[in-house]
Amino acid sequence: MLSRRDWLKLSGLGLPASALVAAVDFPTTVADSVQRLYKTPGPHPNGLQATREGLWILDQETNKASLVEIDSGRLVREIDTPADRGSGITFDGQSLWIASTYNRKLIRVDPATGELQAEFESPGSGVVKWGNPSPNAVSTGGHGLEWRRGELFLAVPPAAKIFVLNSRNASVARFLPAPGIRPHGLGWDPDGSLWCAESNYRAFFKLDAASGKVIKQHLLPFVAPEVEGKVVVPHGLTVWQRFLYFCVAETGEVYRTPLVSRTG
């Protein structure tokens, strides 16, 4: 999360959202409402994936993947995974894929047991481009993950790119430019476009899945929601029944906001 003061510094010294986005060449909307849904089973959720069975939540502290009822948050089952502080999760219809961020791997696991099925190197790994420069900075890998038609879409903050991989062997087919420098969760729009959460901007970008061109930007309310004086920052993302669902790692909560909102 960001303190209100730090968020104002990041976002233009308190200028209204409409002024901040006036120069861009794509439409911007601002969420009319953001609903806090429930606490997650783990303390540090980083990845989300909605499925017909429920909502998968990947916790970066415990490395557990939890399946919960999407409306209530009731735990259906939970598995241990071999991830190292993972940040993204998706489902290909048979297996779970996890972005194992701190050992810079992409892993496939059994959704019933968590057993490792395959492991690959994460492309674009390196040191992120925000924060204070340090000679001891840790190299990290992928974050948000989505699967569609035999391809994996992987958001990688150090590279500021979304890599498109062949899900048979995780070879890179192409990449898309990511919005901003901290791309995180990914989710599919009903029309086939790709949503990407940009954590530092507290925004969700709708992208053309073939080119990466920004179609629109969807902002959270300027200084809301807040928890104990901190402005929440979106991490994991998924789309379900015309809602953007996102998790906040620092508070261990899931929120949702409608896809259609007022123009900024």
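The values are calculated or read from the model by the stated rules, or taken from the named source; none is laboratory data. Values in this document were obtained by computation on a predicted structure and should not be read as measured data. As a convention, Cβ positions derive from the backbone with ideal geometry for all residues, glycine included, and neighbour counts pool all protein chains shown.
Do we have any residue at all in the range 243-251 that's farther than 22 Å from P157 by Cα, out of contact with any helix residue (DSSP H, G or I) (no Cβ under 9 Å at 6 or more places or on another chain) and modelled with pLDDT of 95 or more? Scanning the range 243-251, I find at least one residue that is farther than 22 Å from P157 by Cα, out of contact with any helix residue (DSSP H, G or I) (no Cβ under 9 Å at 6 or more places or on another chain) and modelled with pLDDT of 95 or more, so the answer is yes.
With A155, A178, A170, A159 as the choices, which residue is crowded, with 16+ Cβ neighbours inside 10 Å and touching a Pro at 6+ places or on another chain (Cβ under 6 Å)?
Checking each option against the conditions leaves just A155.
Taken over the range 31-49, the residue count meeting the criterion of being surrounded by fewer than 20 Cβ atoms within 10 Å (Cβ to Cβ) and either in a strand (DSSP E or B) or among the charged types (D, E, K, R) (or both) is 6. Taking the listed residues F205, F246, the one that is part of a strand (DSSP E or B) and without any contact (Cβ under 8 Å) to a residue 40 or more places away in the chain is F205, with no other qualifying. The residues on offer are S33, S122, S134, S100, and the sole one that is at pLDDT below 95, hydroxyl-bearing (S, T, Y) and under 15 Å from P158 (Cβ atoms) is S134. The condition (being charged (D, E, K, R), touching a strand residue (DSSP E or B) at 6+ places or on another chain (Cβ under 9 Å), in contact (Cβ under 8 Å) with a residue 24 or more places away in the chain and surrounded by fewer than 18 Cβ atoms within 10 Å (Cβ to Cβ)) is satisfied by just one residue among D80, D84: D80. Of all the listed residues (R174, R182, R262, R256), the sole one being among the charged types (D, E, K, R) and modelled with pLDDT under 95 is R262. Determine which single condition L13 fails, assuming it passes every other condition in (1) over 16 Å from P225 (Cα atoms); (2) modelled with pLDDT of 50 or more; (3) not in a strand (DSSP E or B). If we test L13 against (1) over 16 Å from P225 (Cα atoms); (2) modelled with pLDDT of 50 or more; (3) not in a strand (DSSP E or B), just (2) comes out false. The C-beta contact set for the range 59-77 (first residue in contact (Cβ under 8 Å) with a residue 12 or more places away in the chain and β-branched (V, I, T), second residue surrounded by fewer than 13 Cβ atoms within 10 Å (Cβ to Cβ) and not in a strand (DSSP E or B), distance under 7 angstrom, 6+ apart or interchain) comprises V68/R74.
Within the range 238-252, is there a residue that is surrounded by fewer than 18 Cβ atoms within 10 Å (Cβ to Cβ) and closer than 27 Å to G126 by Cα? There is at least one residue in the range 238-252 that is surrounded by fewer than 18 Cβ atoms within 10 Å (Cβ to Cβ) and closer than 27 Å to G126 by Cα. Which of the residues belonging to the range 98-152 are charged (D, E, K, R), within 16 Å of W56 (Cβ to Cβ) and surrounded by 18 or more Cβ atoms within 10 Å (Cβ to Cβ)? The answer is R108, E146. Summed over the range 211-243, residues that are of a type in the set (F, W, Y) and in contact (Cβ under 8 Å) with a residue 24 or more places away in the chain total 2.
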